[in-house]
Each structure stands twice: as structure tokens, then as C-alpha cells.
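First up is the structure itself, then whatever we jot down about it.
The values are calculated or read from the model by the stated rules, or taken from the named source; none is laboratory data. Owing to the predicted nature of the structure, the values given are computational and were not obtained by experimental measurement. Using ideal geometry, Cβ is built from the backbone for each residue, glycine included, and neighbour counts are taken over all protein chains shown. SASA here: full protein model, heavy atoms, side chains in, ligands and nucleic acids out. Shrake-Rupley method; radii C 1.70, N 1.55, O 1.52, S 1.80 Å.
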Amino acid sequence: MSESKIPAPPSSAGAPRAGNPLLEVRDLQVVYGGIRAVKGIDLHIDRGELVALIGSNGAGKTTTLKALAGLVHPAGGQIRYEGGELHSIAAHRRAAMGIALVPEGRGVFARMTIAENLLMGAYSRSDKIEIATDLDRMYALFPRLAERKYQLAGTLSGGEQQMVAMARALMSRPRLLMLDEPSMGLAPLMVQKIFATIRDIAALGMSILLVEQNARLALQVAQRGYVMESGAITLSGSATELLGSDAVQRAYLGG
Amino acid sequence: MEILLQQIINGLVQGSIYALVALGYTMVYGILGLINFAHGEVVMVGAMLVLSSLTAMLGWGVPPVLALPISVMLAITGCMALGYGIERIAYRPLRHAPRLAPLITAIGVSIVLQNLAMMIWGRDYHSFPQLFANTTHSFGGAVINDIQIIIFVMAVAIMAGLMVVVHHTRLGRAMRAIAENQHAAQLMGVDVNRVISITFMLGSAMAAVAGLMVSANYGLAHYYMGFLLGLKAFTAAVLGGIGNLRGAMLGGLLLGLIESLGAGYIGDLSGGFFGSNYQDVFAFLVLIAVLVFRPSGLLGERLAERA
Ligand SMILES: Nc1ncnc2c1ncn2[C@@H]1O[C@H](COP(=O)(O)OP(=O)(O)OP(=O)(O)O)[C@@H](O)[C@H]1O
Ligand SMILES: [Mg+2]
């Protein structure tokens with residue numbers, strides 16, 4: 001279905017899109033005290049796919065991710081993950097099921113060390129030896145963090161905190177990784193670094209839902225994308241289609 | 001000089017009890033931002049449970065070496081169940097209510113527990129049975145007895161154990177994570193309700209031990225003893241910086257010392273106008289001074305940093 005210019009990860013290269021998506025959302029609605037923030041959206045993510053969700057401020061992107069992670073309770077709709085319904089499953093159980101969210105603003109534990117933050121990521125796991133090897137992997141992926149293992153996360157720069165938040169999420173060995181505006185507030189060089197990492201992680205075959213205000217950047221790494229406006233999905237398609245579409249050009253790419 | 005040393009010893013012993021109770025206040029505050037005013041009553045219930053089971057068992061002819069540990073375990077278990085129940089019934093339904101609601105509820109729980117205790121154990125003072133010869137040791141002109149030594153050593157050991165749990169275990173990391181950011185902790189897979197329950201139970205277990213210590217130290221227990229003790233331990237927690245564990249321990253020991261030294265010298269200071277029975281005043285002078293001059297406490301951070 002999608003013909004992207006980005007080389008697809010090997011695991012998903014030939015995967016059939018035949019009705020077995022990792023995540024399937026139908027008619028999702030979220031209401032905050034009378035205000036409808038998400039007004040019945042449909043979306044899906046196949047195994048190994050990197051999907052972008054773009055849209056302007058207040059469109060409902062963060063709310064959508066929170067509903068998927070279980071931090072807010074939807075007013076309606078279905079969320080199917082690995083074939084099962086998530087509705088009645090609490091947020092902490094979803095984490096154990098392989099759903100990880102790197103929240104907006106990163107949410108690192110400022111008064112814990114980097115090492116402790118990463119251990120928190122592995123909270124639901126009990127395989128001590130594997131956790132230790134994963135820690136080493138994270139320090140290899142983010143050498144900046146390796147140098148600062150025992151530094152309090154609150155003393156790190158914004159970019160380093162974003163690395164902690166991503167590494168922490170990866171420590172849970174997620175099967176669905178959701179990233180909420182990883183580029184927010186970062187200098188261009190750091191943004192490039194973070195996006196290179198996202199590309200690397202995707203290349204390993206991880207399924208990723210990426211929310212971004214920086215639409216161009218997001219669509220450059222994604223295979224497919226959704227455009228959200230005032231709580232509804234107004235456009236969807238392959239990343240290349242969206243990058244080329246007039247509507248997206250005008251609204252989000254300043255073209 | 002002997003008086004000074006004596007007051008320091010008494011202050012440290014009493015202060016270590018305050019510290020144990022203050023930790024219960026500060027742990028709950030750190031995690032929930034809630035002042036559990038019923039915590040002092042848990043100490044009282046702990047003391048009462050130890051006393052009644054001890055008296056009963058000694059009455060049945062159980063030897064003290066057996067009766068003491070059994071009744072302590074009973075009191076700890078009972079207080080843990082009580083702490084769990086208080087959170088479950090009184091605080092959890094109000095978790096997202098405005099802050100004033102759980103505060104008022106806490107005072108309500110405290111009154112309910114006091115009255116229940118009065119109905120069960122009556123209005124009389126209960127005396128702590130003499131279990132063993134409480135030898136008094138003297139040095140440098142001051143004296144310290146076995147019970148005081150046991151209290152201090154036990155309190156320090158329990159506090160050290162708590163620090164290990166909080167700083168070096170998975171449970172401790174989860175507690176600290178919740179204290180910082182409940183949503184992020186949930187995203188890591190932390191069952192927030194479960195960890196909050198465990199926190200209340202840990203605090204209540206320490207309260208039970210503190211109840212034992214107070215009644216053993218003074219040889220008395222009373223249904224009303226939790227009120228003043230709770231208020232003083234709360235003062236100690238505020239003095240150290242509420243929400244900060246090391247602060248609670250420091251605050252407890254300091255408050256014990258201030259009270260004890262104050263009581264020892266208040267007669268001299270006031271030219272004989274006040275007697276040592278005014279020692280309770282010091283705790284509240286300390287509370288007022290801290291609230292006026294350093295609301296964040298000795299080791300606490302400014303409130304803005306927590307937001
Ligand atoms: N906790 C809340 N209570 C009430 N309204 C909320 C809450 N969180 C979000 N909203 C509202 O819901 C709408 C969607 O917000 P959301 O944070 O999901 O948008 P977003 O697409 O992530 O925006 P941004 O790009 O600025 O992060 C907004 O109108 C917002 O004001
Ligand atoms: Mg957002």
C-alpha cells in the first residue's frame with residue numbers, strides 16, 4: 001500500500017497488510033469536561049511501521065496518545081492492540097503489554113539518576129540479565145548518557161533529557177513506541193540527532209507512532225501519516241503523498 | 001554539665017521516636033501531597049495493641065521472651081491493616097478532590113480513631129508491664145537505661161533499613177517515581193494504587209513500633225496519646241522539610257533535643273517562672289518559627305521547584 005522513499009525495515013518489508021495490524025483504533029472519542037478533544041478518529045499501525053500523526057496546536061494529538069497509553073479514558077470507540085481490546089486495561093498494565101509512550105515534555109524523573117531512570121523503564125520486566133544487556137545497549141545508542149550515568153536527570157540539557165526519555169521507553173522492550181513531539185524545544189543539531197535515532201530504531205523493526213509539529217521532518221522518516229485538525233483526522237496516506245499534497249504544503253510546510 | 005549530657009541523651013532517645021513517626025508523615029506527603037493527620041492515632045493504636053496483647057498473654061502465663069515479639073508482630077500487622085484501610089476508605093476516593101477535602105477527612109479519621117480507642121480501651125492510663133530488669137547505666141554523670149538504648153538502636157536500624165528500601169530497591173524507585181510524576185510512573189508500568197497502599201503500610205508499621213517505644217519509655221499508654229505525639233512528629237517533619245526523608249529524621253532528632261534541652265533549662269531561662277512541664281511549648285514554637293522563617297524546612301526544596 002504505501003510506497004515510501006525511506007528504506008523499509010527488513011522485518012516489515014514484505015509483511016502483508018491483511019487485516020492484522022498491531023494497533024487498530026476505531027471511532028476513538030475523548031471528552032474533557034464537556035469539551036470534545038478527540039471526535040471519533042480511526043487509525044491503524046502495522047507491525048514494523050513508522051506512522052506520523054501531525055497537526056497544529058490543540059488538534060488532539062497528545063490526547064490521542066494518552067488515550068492509547070491509558071492515561072485518559074475514552075468516551076467512546078475501540079482500541080485493539082495485538083488483537084485484544086484495551087478499553088478496560090489500566091495504564092500500568094498496558095506498559096507491561098509492550099506499549100510505551102515518551103510523553104510530551106519528556107517526563108523524566110528529575111531527582112533520579114540516569115541509570116535509575118533507565119531502570120524505571122524496565123520496571124515491568126524481571127529478566128535481570130537481559131535488563132543489564134539492554135542497559136549497555138542504551139548506553140551504546142546514547143553515549144552522552146553513558147558518560148553521565150549517575151548524574152541526576154534534572155541536571156541534564158533538554159536534548160539529553162529527551163535521550164533519557166527515549167532510552168527509558170526502549171528499556172521496556174516495547175512493541176509499540178509512541179513519541180510525543182520529541183523535537184520540542186531542541187536546537188536543530190539535537191533534533192537531527194534524535195531523528196536519526198528514531199530512524200535507527202525503526203530500522204530494527206519497531207512499530208512507532210510519531211507525533212510532531214515539525215511535519216516535514218516527521219513525514220521524512222515515516223512511511224505513512226495522518227493529519228489531525230480540531231479532534232478529527234482530515235487526511236491520511238503515505239508519507240510521500242502527504243508531503244506532496246497541496247493541503248499539507250499550505251497548512252504545515254509553509255509552501 | 002551532667003544536666004547537659006543527660007538532656008542530650010533524653011533528647012536523642014525521644015527524638016528517634018519522633019523521627020520514626022515523622023517519616024510516616026513525610027512519606028505520604030512526598031507521594032500524595034497529603035498530610036495524613038490520622039497518623040498519630042496509628043501510633044496510639046500500635047501502643048494499645050502491644051499493651052493489650054502483652055497483658056493478655058502474660059496473664060495466660062506466656063513467658064515474656066515469647067509474649068513481647070508476638071505482641072509486637074500483632075501490633076505491626078494490625079497497624080498495617082489500619083493504615084491500608086485508612087487510605088483505601090478515607091483518602092483514595094478523594095484523590096482528585098480539592099486539597100482541603102482530604103485534609104478535613106484526615107482530621108475526621110483521627111477523631112473517629114480516638115473515639116473508637118476510647119470505647120475499646122477506656123479513658124484510663126494503661127501501664128506497660130515490667131518484662132525484665134531495666135538496668136540503668138551511668139557515665140559522665142548522666143544515666144541511660146536498657147530500654148532507652150534499645151529504643152535508639154532499633155530506631156536507627158529501622159531508619160537505615162527504610163533508606164535502603166527507598167534508595168536501592170525496585171519498590172523504592174517506584175515510590176520516588178510516583179512522588180515526582182505519577183503519570184510517568186504509570187507509563188513505566190508502576191501500579192500507583194498498589195505502591196501507595198504499601199507506603200501507608202510501611203509508615204504504619206513504623207508507627208506501631210514507635211507506639212511500642214513511647215509506651216515502653218514512659219511506661220504508659222492512653223487513648224489520647226496519639227494527638228500530641230502526632231502533632232510533634234508532624235512538626236519534626238516540617239522542620240526537616242516535609243516530603244524529604246532525611247529531613248524527617250533530622251527534624252525528629254532535633255526536635256527531641258530542643259524539647260529536652262528546653263525543658264532542662266526553661267526554669268533558669270525564665271527565672272523560675274516556667275517549670276519543665278512547659279516543654280510541650282517548644283515543639284510549637286519551633287513549628288511557628290519554621291513556618292515563618294523557612295517554610296520549606298531545613299532540607300526541603302522551595303515549593304516552586306516541586307511544581
Ligand atoms: N487535561 C485537559 N483538560 C481539559 N482540556 C484539555 C486537557 N488536555 C487537553 N485539553 C484540550 O484538548 C484539546 C487537544 O489538546 P492536545 O493536548 O491533545 O492537543 P495537541 O494536538 O497535542 O496540541 P499541541 O501540538 O499543542 O501539543 C485542546 O483544546 C486542549 O486545550
Ligand atoms: Mg501535544
Among the residues of region A:33-70, write down those that are within 14 Å of chain B (Cβ to nearest Cβ) and more than 10 Å from ligand 2 (Cβ to nearest atom). A:33, A:67, A:68, A:69, A:70
Select from region A:146-183 the residues that are hydroxyl-bearing (Ser, Thr, Tyr) and within 16 Å of ligand 1 (Cβ to nearest atom) and list them in ascending order. A:183
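Each row is one residue, and each column tells you yes or no for (1) within 14 Å of chain B (Cβ to nearest Cβ); (2) open to solvent by less than 50 Å² (accessible area, probe 1.4 Å); (3) in contact with a Pro (Cβ under 7 Å, 6 or more places away or on another chain).
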| residue | (1), (2), (3) |
| --- | --- |
| A:165 | yes, yes, no |
| A:194 | no, yes, yes |
| A:199 | no, no, no |
| A:218 | no, yes, no |
| A:221 | no, yes, no |
| A:224 | no, yes, no |
| A:234 | no, no, no |
| A:238 | no, yes, no |
| A:241 | no, no, no |
Which condition number does residue A:251 fail, the rest of (1) over 30 Å from residue A:32 (Cα atoms); (2) open to solvent by 30 Å² or more (accessible area, probe 1.4 Å); (3) away from chain B (no Cβ under 14 Å) being met? (1)
Going by the conditions given, is residue A:178 in contact with a strand residue (DSSP E or B) (Cβ under 6 Å, 6 or more places away or on another chain), more than 15 Å from residue A:116 (Cα to Cα), within 14 Å of another protein chain (Cβ to nearest Cβ) and surrounded by 23 or more Cβ atoms within 10 Å (Cβ to Cβ)? yes
From the option list B:171, B:202, B:187, single residue qualifying as farther than 15 Å from residue A:123 by Cα and either touching a Gly at 6+ places or on another chain (Cβ under 8 Å) or more than 10 Å from every other protein chain (Cβ to nearest Cβ) (or both) is B:202
Looking at this structure, is residue B:182 within 24 Å of residue B:90 (Cα to Cα) and open to solvent by 50 Å² or more (accessible area, probe 1.4 Å)? yes
Quick check on my filter: what residues within region A:99-140 are surrounded by fewer than 17 Cβ atoms within 10 Å (Cβ to Cβ), over 17 Å from residue B:170 (Cβ atoms) and away from chain B (no Cβ under 13 Å)? A:133, A:136, A:137, A:140
